[in-house]
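What follows is a set of notes on a single structure, which appears directly below.
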Amino acid sequence: MQLKKRQGKIRAKLSTLSASLIAATVAAHVEQADAQAYGSEYYNTVTRNDDFGPGIAYSQIDAALLVYFEQNGRITAIEPTAALTVHGAKDQLLTLELTADAVSGATPNGAVRANVAQTFSTPARTPDSSYSVSGASGGSTIVHVAGNTYIRQYTVAAGQLPMDKGFEDHRGAFNLGYSQPWGWLTQFGAGIGYSMESDYSSATGDVHAAKTFNSNNTTLSLSLNTEYDTSSPYGGVPGAFALADGAWRSEKSRSKTQLGFVLGLTQVMTRNWLMQLNYAYDRQNGYQSDPYRILSEVDSASGEPLRYVYESRPAKRSSQSVFWDNKISLGPTLTEISARYFTDSWGIKSVTGEVSERVDLTSRFFVEPSLRYYHQTAADFFHYYLVSGQALPAYASSDTRLGKFTSITYGAKLGYALSGRTELYVRGGYYVQTGNGHPADAIGQLQGQDLFGGTKAMFAFIGYTWNFH
Amino acid sequence: MSNFAKRTGLRIAACLVAATSLTSCTTFGPEPWEKDLMAKKPMQIDAYAFEKAAADHIFFSKEASSGGRGFAGGGCGCN
C-alpha cells in the first residue's frame, strides 16, 4: 500500500518516469498473481513435499534426536529437540523450540601424556557428594580434606591421554521467536532464549529485519544478538594459573557478555542457483576460560610433569566471519557448496568448506552424501604445556580446540516423505581431527608422546517434520 | 548560470533519474514465472534448519570457530 501511494506522488511530479513505474507496477501484479498460482498449486497437490505456499496459514512440528559419541570412551551425548513453527496467512512467523541434552563420559583435562602414572585432584561436584568412577586408565577415589569439602582424585596410567572420567551434565534450553512484515520491511522480529546446565547458564536475545526486493530475487537481512552467560563451576572459579590441587575457591561464578550482528545477502542468481553471503561480527567480554582445564608444568630438561595449573584465557575476544552458501538444482540433484572464512583477536584463522549432493531417487526418497573440510590455526596463547622455571605467559591454554588442526566430516543423509506433508530423515556422520602430536620443540620424554588429544566422533541425527493446518 | 547550462543540467538529471528508474525495473535473477525450482523445500535457505543447527552445535563444541550461517556462540558451556 505504501509503495502504491509513493508511486502515485512520483508519477504526478515526474511524468517522464511514469512509463517505467507502470512497468514496475505491472511486474508486481504479475508476481503477485504468480505467487497466488503457486500457492494454490501446492495447496492442492498434497502428495508433494512442498510447503503450503504464500498466503496460507499452517503450522509445522519438528522433532529430532541427536546421538553423538566419541571414540575411546570419551563424550557421549543424547539430545532430543522439538519445535513448533506457526506460519500466519500474512507472513507472521512464531517459533518455539525446546532442547534437552544429557552429556557424559571422559574429557581431556588438558595435561600432556607422560611416561609415568599421573594423579589429578579436582573438586567433587558438591562438598557432600560421595560417588566414584572407574575406567581402564584408572579409577578415582574420594579424599577428605580440611574444611568439610571433598576432593576427587583420579589416576591416569603412563602413556595415556589424561582424561577426567567424571564428566556428566544435563542441559535444558528454550528459544522463542516472532517476526512479521512491518512497514517497509519484509520481515521484522525478535527472539529470546535461555539455556541451563548444572554449572552454566546462558540467556540470549536477538532482533532481526529483512527486506526483499528485485522481484523477490534479493533479500538483505540484519540480525543483532546478545548473550549473557554465567559459569558456576563445581568447586568455585579457579584463578589464572592457580595450582590444580582440588581446593575449593571462594568465587562461585563468573560471567561474560556477547554482542554480535550478521549482515546477510540472499540472491536468486538464476532459475537453478540460490546464493547467500553473510558477514558476521561478534564480540565477547568476560570469563572465557574453561574452569576445569589444566596445563602440565614440566621439568625443563626431562619433560616430566611437576605440577598442574589452571588455564587462563583473555577476557576479550572479537571475531569476524564471511560465509558463502550456494544451492544449485539440476534435475533430480541439488548441490550445496559453502565456504567460510573466520578470524578472531585470539589469533585463530580458519577455513571451512562443505559440499553435499542431494539426489532424489524417487518422488519420496532421497540420499545426500556430504563432505566437510575444516582447518584452523592455533590461538596465540595455545601451549601444549608450560615449562618450569620459565616466566609464565599472560595467557595459556592447552585446549586442543584452540590448537592447530584439520578436521574432516564424512556424512550421509537419507530422507523419506511419508506423505505430502511429513518427512522422516536420518543423517549420519563421522568426524575426525588430525593435528601435530609431535611438535619439534618437545622436551625430554614428551618427544616420545603424542601430544595431540584430538577427537574422533560419530553422530546420528534423526528428524521428523510434519506440516499441518 | 545561463539558461543553456540550466537546461543541460536538468536534462542530465532527468536522464540519470530515468536511467536509475529503468534499471530498477529490470531484475537481476529469474523472472517470477521461473521460480518453480526456488519454491521447492530443499532450495529454501532455512530448509532443514534444525539439522544444520545440530551439526553446527557439534562443530562449535569441537572447534574454535563458530557462526557464519547464523550467530556465533552456542548458549552452552561446551567451549
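The values are calculated or read from the model by the stated rules, or taken from the named source; none is laboratory data. Since the model is a prediction, treat every value here as computed from it, not as a measurement. Reconstructed Cβ throughout: ideal geometry from the backbone, glycine too, with neighbour counts over all protein chains shown. Ligands, DNA and RNA are excluded from the accessible area calculation, which covers all protein heavy atoms including side chains. Shrake-Rupley method; radii C 1.70, N 1.55, O 1.52, S 1.80 Å.
If only one of A:A412, A:A394 is more than 12 Å from chain B (Cβ to nearest Cβ), within 19 Å of A:G110 (Cα to Cα) and either part of a loop (DSSP other than H, G, I, E, B) or open to solvent by less than 60 Å² (accessible area, probe 1.4 Å) (or both), which one is it? Spell out the reasoning first.
Numbers: A:A412 fails: within 19 Å of A:G110 (Cα to Cα).
Result: A:A394 is the single residue among A:A412, A:A394 that is more than 12 Å from chain B (Cβ to nearest Cβ), within 19 Å of A:G110 (Cα to Cα) and either part of a loop (DSSP other than H, G, I, E, B) or open to solvent by less than 60 Å² (accessible area, probe 1.4 Å) (or both).
For residues that are of a type in the set (S, T, Y) and open to solvent by 40 Å² or more (accessible area, probe 1.4 Å), scanning just region A:330-346, find the one that is farthest from the chain's Cα centre (by Cα).
First, pick out the residues of region A:330-346 that are of a type in the set (S, T, Y): A:333, A:335, A:338, A:341, A:343, A:345.
Next, from what is left, pick out any that are open to solvent by 40 Å² or more (accessible area, probe 1.4 Å): A:341, A:345.
Numbers: A:Y341: 15, A:S345: 19 Å.
By that ranking, first place goes to A:S345.
Do we have any residue at all in region A:209-217 that's over 16 Å from A:T99 (Cβ atoms), more than 10 Å from chain B (Cβ to nearest Cβ), in contact with a His (Cβ under 8 Å, 6 or more places away or on another chain) and in contact (Cβ under 8 Å) with a residue 24 or more places away in the chain? Talk me through it step by step, then tell me what you get.
Initial filter on region A:209-217 (over 16 Å from A:T99 (Cβ atoms)): A:209-217.
Then drop every residue that is not more than 10 Å from chain B (Cβ to nearest Cβ), which leaves A:209-212.
If we keep only those that are in contact with a His (Cβ under 8 Å, 6 or more places away or on another chain) as well, we get none.
There is no residue in region A:209-217 that is over 16 Å from A:T99 (Cβ atoms), more than 10 Å from chain B (Cβ to nearest Cβ), in contact with a His (Cβ under 8 Å, 6 or more places away or on another chain) and in contact (Cβ under 8 Å) with a residue 24 or more places away in the chain.
Out of the residues in region A:208-238 meeting the condition of being part of a strand (DSSP E or B) and among the hydrophobic types (A, V, I, L, M, F, W, C), tell me which one is nearest to A:Y194 (Cα to Cα).
So in region A:208-238, the residues part of a strand (DSSP E or B) come out as A:208-213, A:218-231.
Those left that are additionally among the hydrophobic types (A, V, I, L, M, F, W, C): A:209-210, A:213, A:220, A:222, A:224.
Numbers: A:A209: 22, A:A210: 24, A:F213: 34, A:L220: 28, A:L222: 22, A:L224: 17 Å.
My answer is A:L224.
Among (1) of a type in the set (S, T, N, Q); (2) open to solvent by 40 Å² or more (accessible area, probe 1.4 Å); (3) at pLDDT 60 or above, where does B:S24 come up short?
(3)
Are any residues in region A:398-409 crowded, with 23+ Cβ neighbours inside 10 Å, facing chain B (nearest Cβ under 9 Å) and in a loop (DSSP other than H, G, I, E, B), and if so, which ones?
Answer for region A:398-409, where residues must be crowded, with 23+ Cβ neighbours inside 10 Å, facing chain B (nearest Cβ under 9 Å) and in a loop (DSSP other than H, G, I, E, B): just A:G403.
Inside region A:253-287, can you point out the residues that are touching a Pro at 6+ places or on another chain (Cβ under 9 Å) and open to solvent by less than 40 Å² (accessible area, probe 1.4 Å)?
If the condition is that a residue be touching a Pro at 6+ places or on another chain (Cβ under 9 Å) and open to solvent by less than 40 Å² (accessible area, probe 1.4 Å), then A:V268 is the only one that fits.
I want to confirm something. Restricting to region B:36-58 and keeping residues that are at the interface with chain A (Cβ under 7 Å from one of its Cβ atoms) and among the charged types (D, E, K, R), which single residue is farthest from A:G428 (Cα to Cα)?
B:K40
Go through region A:321-360 and give me each residue that's small (G, A, S) and in a strand (DSSP E or B).
Answer for region A:321-360, where residues must be small (G, A, S) and in a strand (DSSP E or B): A:S321, A:S329, A:S338, A:A339, A:S350, A:G353, A:S356.
For region A:307-328, state whether one or more residues are among the charged types (D, E, K, R) and surrounded by fewer than 18 Cβ atoms within 10 Å (Cβ to Cβ).
Yes.
When you check A:A102 against the structure, is it open to solvent by less than 60 Å² (accessible area, probe 1.4 Å), within 29 Å of the chain's Cα centre (by Cα), modelled with pLDDT of 90 or more and farther than 19 Å from A:G437 by Cβ, yes or no?
On the way: open to solvent by less than 60 Å² (accessible area, probe 1.4 Å): yes; within 29 Å of the chain's Cα centre (by Cα): yes; modelled with pLDDT of 90 or more: yes; farther than 19 Å from A:G437 by Cβ: yes.
Yes: the conditions hold for A:A102.
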